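Just so it is clear, none of the values below were taken in a lab; they were calculated from the coordinates. Predicted, not measured: the structure shown is a model, and the values here were computed from it. Cβ placement follows ideal geometry from the backbone for every residue including glycine, while neighbour counts extend to all protein chains displayed.
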Amino acid sequence: MRFPGLVENEMLKFARQRRFRVVVLILIGLIGLIAFAQSRGRERFLGDKDWHVATQERMARIQNGLRDGRMPPTMQRWARFELDRLQYHLERDVNPDAISGPLFVRGFANASSYLLLPLLAIVFASDVVSAEFAQGTIKLLLTRPVGRARVLASKLVAVLLAITLTVLFGGIVAYVFGGIAYGYGGWAAPVLTGFRSAGERLDPAAVRSIALWKDTVLAYGLAWFAALCVGTLALLTSVLLRSTAAAMGTMLAALIAGTILPRLAPTWETQKFLFVTNLPLPDYYSGSPAPIQGLTVGFGAATLAVWAVAALATAFLVFVKRDVLA
Amino acid sequence: MSTAAVLSGSAGDIVLSAEHLTKRFGRREAVADVSFDVRAGEVFGFLGPNGAGKTTTIRMLVGLARPDRGRVRIRGLDLARDFEEAMGHVGCIVEAPDLYKYLTGRENLLHFSRMLAAGAAERIPELARLVVLSERLDDKVSTYSLGMRQRLGIAQALLGNPDILILDEPANGLDPAGIREIRQLVRHLASDRGIAVFVSSHLLSEVEQTCDRVAIIHRGRTLASGPVRELVDRVASDRLRLTARPARRAVEVLKPFGAVEIAGEGAGTDEEAAIDARIPKAKVPDALRALTAAGVDVFAVERSLASLEEVFLEVTGGETV
């Protein structure tokens, strides 16, 4: 009955601690910079060549690299996959490097899913409990006629809500800047998605052609889901460590480890059970070759869900049971 | 004792009762078997030196910490079992009046009113007036003085129309004027509104001036409890303070009646001086007659009330606060 009021409280605290303002500024600054830099880079890279020619040239370069024999095995895997993917685009007469405002939006989902959005999720979640301990306000919060589980639930809902708003806002900002750089139309254009490797080669049976807007919604859905899972994990660290700096540091270290581990130790397969390895869900969905064998959208989403549920269970248990001596 | 009878007769129902509260941290017993009742309309003092277990006890009273043994009942409700309903009767400040510094006073009160039953927000203007914060209510708490924060904390605690108010060291860090304001507010809430008020303090004078009943805690155990007057009487019953001239003669005359010492300046002179004497009540009339007969001028005779400090020294066996 009073639950919406509790969530309102938490949102008020986010707003008054300038969390939203910081996130909004980060998104606008970063996406604006990317859009600007990318449109400049493209002009120089592609010139006004026909895309068929440009794509064939690129394939030739990759083939040379493969023949060269000096490519490390993981790169070889990626190169074969990329060759197949480009070939497939040529056959279907779809420009793999096409760009438009909507395509920029779509690209942002992939680019932001493994670092930027999780980072922003951490901004919201990692001090949502620890700050109350640091300020001493936890003593008031937990001596009101509201059970501890409901207090934490209201914080969880606020964090999930804030992350949702962040992902939505990120998409909107990307569309605004993408539109400025490349024009606003093109939502209905077909895109090829679902590239999946079957053994060494690309599995053509899995490739589908769908409308860009549908593809975008799916990709953002996946990025959103990954960010929510990061949010719950950050909430857990906030509950456990009771220090914002420690919670944020832990989560950042995990994220950074996640981006470098697959590169440093590509043969260590167990890392596919880590949550960070599974964050680039949009990548696994649209079909860049997975860094580790056996990573798929379904596997990634399931693994993240398990992490999130375990984190929530632990967070609630600890928060409800532990004495507050701060 | 008559004072006790009067006090317990005038006090209302038991609002809060602590039953054999025990809390261990590792092998150290921070609180051991602490029991007391707090009644409607009274100010109950919880007195002890820093580290005696006061805050740990308060944490158990308000559900922040779980007792290893014992139970807290609020209006008869078991705190551990019916937390939400029981805490609906409680307003509290634990340790410091920590509120959200980046919010205004009003936003803080609105924040906590959303955690209460409907109607709490309507009380904000009235409570702001009560704690004299109306004019600063829309300023950020970070700009408040400690006294203002303490008062805002009390307004927050009163939002839910509590039956019991639990204040942890409300005088801490306040200047004398601030302490007096809080004391008057506490007395008003208990006497005029019938709220039970539980106040912890390490300041004996504070408890003596504010509280009706007191429990003294030391090293996690309650050493004594009862009406403040009764505890004071225990020590004070044979204490007299006289102002007489000549002082030297007065001391000579009083010596046979009990222990005498000259309190102020002028010891051993023939001037006027204050004299502390411990003379049993029954012998006081004889002592005064003897003084008059000896030609000593007596300007004042008071029964000096022992401070709680003396009570405390007595019950703890000489350890200071």
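Below, the figures for the structure above:
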| read-out | value |
| --- | --- |
| 20 Å Cα cut-off, lysine pairs counted over chain A (separation 8 or more, or different chains) | 5 |
| Footprinting exposure proxy for A:LEU252, A:LEU168, A:LEU117 (fewest neighbouring C-beta atoms within 10 Å first) | A:LEU168, A:LEU252, A:LEU117 |
| Test item: Cα-centred dipole of region B:2-225, Lys/Arg +1 and Asp/Glu -1 on Cβ, debye | 560 |
| Counted charge near B:ALA244, where neighbours are those whose Cβ lies closer than 9 Å (Asp, Glu -1; Lys, Arg +1) | 0 |
| Sum of -39500 (n - 2.57) over DSSP H runs of 4+, divided by residues of chain B (222 nm, nearest 500) | -10000 deg cm²/dmol |
| Rg/Rg_ref, region A:202-312, where Rg_ref = 2.2 N^0.38 Å and atoms are Cα | 1.16 |
| Kirkwood Rh, angstrom, region A:49-97 [1 / mean 1/r, Cα pairs] | 11.2 |
| Unit Cα scatterers, Debye sum, the protein assembly as shown: log10 I(q)/I(0) for q = 0.06, 0.11 Å⁻¹ | -0.52, -1.06 |
| In region A:1-45, the chymotrypsin sites (Phe, Trp or Tyr not before Pro) that fall in loop regions by DSSP, at most 10 other Cβ within 10 Å | none |
| Long-range lysine pairs (8 or more apart or interchain), chain B, Cα under 19 Å | 4 |
| Dipole axis of chain A (+1 Lys, Arg; -1 Asp, Glu on Cβ), positive-most option in A:THR55, A:LEU212, A:ALA308 | A:ALA308 |
| 222 nm mean residue ellipticity, helices alone, for chain A (DSSP H n ≥ 4; -39,500 (n - 2.57); rounded to 500) | -24000 deg cm²/dmol |
| Sorted by Cβ neighbour density within 10 Å, fewest at the top, the residues B:THR243, B:THR210, B:THR55 | B:THR243, B:THR55, B:THR210 |
| Cβ-based charge dipole, region A:186-326, positive-most Cα from A:LEU252, A:THR232, A:PHE273 | A:THR232 |
| Other-chain or far-sequence residues with amide H under 5 Å of B:PHE25's (modelled H) | B:ALA30 |
| Fewest-first sequence of A:GLU269, B:GLU95 by Cβ atoms within 10 Å of each Cβ | A:GLU269, B:GLU95 |
| Cα Rg, Dmax (largest Cα-Cα span) when computed across region B:2-225, Å | 16.9, 52 |
| Other-chain or far-sequence residues with amide H under 5 Å of B:VAL15's (modelled H) | B:VAL38, B:ARG39, B:ALA40 |
| For chain A, diffusion coefficient by Stokes-Einstein and Kirkwood Rh (Cα), 25 °C, 0.890 mPa s, µm²/s | 114 |
| Dipole of the protein assembly as shown, positive end: most advanced residue of B:VAL38, A:VAL22, B:LEU99 [Cβ charges, Cα centre] | A:VAL22 |
| Phi to ³J(HN,Hα) by Karplus 6.51 cos²θ - 1.76 cosθ + 1.60 over region A:143-158, Hz, x for Gly, Pro | 10, 9, x, 10, x, 4, 4, 6, 4, 5, 4, 5, 5, 4, 4, 4 |
| Region A:239-326: chymotrypsin sites (Phe, Trp or Tyr not before Pro) in DSSP loop, at most 13 other beta carbons within 10 Å | A:TRP268 |
| Beta bridge orientation in the protein assembly as shown: antiparallel %, DSSP, nearest 5 | 70 |
| Most fluctuating residue given options A:LEU240, A:LEU66, A:LEU295, as computed from a GNM of chain A linking Cα atoms under 10 Å | A:LEU66 |
| Karplus-derived HN-Hα couplings along region A:124-140 (A = 6.51, B = -1.76, C = 1.60, θ = phi - 60°), whole Hz, x at Gly and Pro | 7, 7, 6, 10, 5, 9, 5, 4, 5, 5, 4, 7, x, 6, 4, 5, 6 |
| Choice from B:LEU103, B:LEU159, B:LEU231 showing the highest fluctuation, given a GNM over chain B with Cα pairs closer than 10 Å | B:LEU103 |
| Radius 12 Å from Cβ of B:VAL15, net charge of other residues (Lys, Arg +1; Asp, Glu -1) | -1 |
| Net charge dipole size for the protein assembly as shown [Lys, Arg +1 and Asp, Glu -1 on Cβ; Debye, nearest 20] | 1660 |
| Vicinal HN-Hα couplings computed from phi for region A:112-118 (Karplus, 6.51 cos²θ - 1.76 cosθ + 1.60; Hz; Gly/Pro x) | 9, 6, 9, 9, 5, 5, x |
| Of A:MET75, A:MET251, A:MET59, the one that fluctuates the most in a GNM where chain A has Cα springs shorter than 10 Å | A:MET75 |
